[in-house]
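Asks: This structure is in structure tokens; I'll ask about it shortly.
The values are calculated or read from the model by the stated rules, or taken from the named source; none is laboratory data. Note that the structure is a prediction, hence the values are computed from the model and not measured. Please note: Cβ atoms are built from the backbone with ideal geometry, for glycine as well, and neighbour counts cover all protein chains shown. With ligands, DNA and RNA removed, areas are computed over all heavy atoms of the protein, side chains included. Shrake-Rupley method; radii C 1.70, N 1.55, O 1.52, S 1.80 Å.
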Amino acid sequence: MKLAVFCGSSPGNNARYAQSAADLGAFMAGKGIDLVFGGGHVGLMGAIADAVLAGGGKVYGVIPESLLDRELGHTGLTQLQVVADMHERKAAMAAMADGFVALPGGPGTMEELFEAWTWAQLGYHDKPCALYNAFGFYDHLLAFIDKMADAGFLKADHANMLMVESSPEGLIQAMEGYKPPASKWS
Ligand code: AMP
């Protein structure tokens with residue numbers, strides 16, 4: 001299994017975020033689950049990539065040429081694919097991955113996760129999507145997603161397609177057990 005992880009290009013202002021990314025990476029390596037990520041060596045991206053590699057796992061990075069310097073393209077990966085732009089990056093990551101998860105991060109992380117989740121709703125793919133709610137980081141977003149549903153902008157089936165987990169064990173179990181709903185659109 002290959003898991004695409006979207007996460008901050010920053011480390012956040014508390015070391016616990018990088019630690020939780022590293023813990024997830026170590027767990028993935030132990031389970032033989034490979035990492036697909038944005039290819040940078042900064043922030044939580046670097047933390048999870050280093051942890052998967054340290055545990056003997058495989059790591060596939062995809063980075064736009066223009067971000068190679070800014071995100072310090074990781075030089076120790078199993079494979080680093082340099083692509084033309086952000087669209088190619090997301091397409092390449094999506095093609096490779098068997099599932100998508102967002103760890104704590106900023107707007108780039110949100111954009112990537114929301115695309116994966118939206119495309120799951122539309123039936124463009126059947127792969128699991130999850131929020132990794134480390135330390136309650138996404139609690140306010142989850143409240144807002146409830147608001148979307150309450151206000152009639154999000155169907156219950158679609159809301160349930162976004163799984164929420166806060167431990168490595170729970171996340172991998174949810175990913176492996178995911179069954180897409182029979183009807184996505186209606
Ligand atoms: P951030 O969560 O904002 O730190 O960004 C995390 C990752 O998302 C980094 O690899 C960024 O290169 C990437 N990213 C930033 N902006 C975008 C965007 N508009 N579309 C897709 N990815 C982005």
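Asks: Calculate the length of the line joining the C-alpha centroid of segment 31-59 to that of segment 93-132, in whole Å.
Replies: That distance is 17 Å.
Asks: Evaluate E = 1/(1 + (r/R0)^6) for H87 and A182, where r is the Cβ-Cβ distance and R0 equals 25 Å; express this FRET efficiency to the nearest 0.05.
Replies: Working from the Cβ atoms, E equals 0.25.
Asks: Moving on to the next point. For the chain, what is the accessible area per residue in Å², given a 1.4 Å probe and the full set of protein chains?
Replies: 47 Å²
Asks: Hey, another quick one. May I ask for the equivalent-ellipsoid semi-axes of the chain, computed as the square root of five times each C-alpha gyration tensor eigenvalue and listed largest first in whole Å?
Replies: 25, 18, 16
Asks: Separate question: Modelled label-to-label distance, N13 and S167, 7 Å Cα→beta-carbon offset: nm?
Replies: The two pseudo-label positions are separated by 3.0 nm.
Asks: Tell me the carbon and sulfur percent of the accessible area for the chain, rounded to whole percent, probe radius 1.4 Å.
Replies: Answer for the chain: carbon and sulfur cover 53 percent of the accessible area.
Asks: Return the single residue from S167, S20, S66 with maximal mean-square fluctuation; model: Gaussian network over the chain, springs between Cα atoms under 10 Å.
Replies: Of S167, S20, S66, the Gaussian network model singles out S66 as fluctuating most.
Asks: Can you give the FRET efficiency to the nearest 0.05 for R70 and F144, using r as the Cβ-Cβ distance and R₀ = 35 Å?
Replies: Result of the calculation: an efficiency of 0.75.
Asks: Divide by every residue of the chain the summed helix terms, -39500 (n - 2.57) for each DSSP H run of at least 4, and state the resulting mean residue ellipticity at 222 nm, rounded to the nearest 500 deg cm²/dmol.
Replies: -14000 deg cm²/dmol
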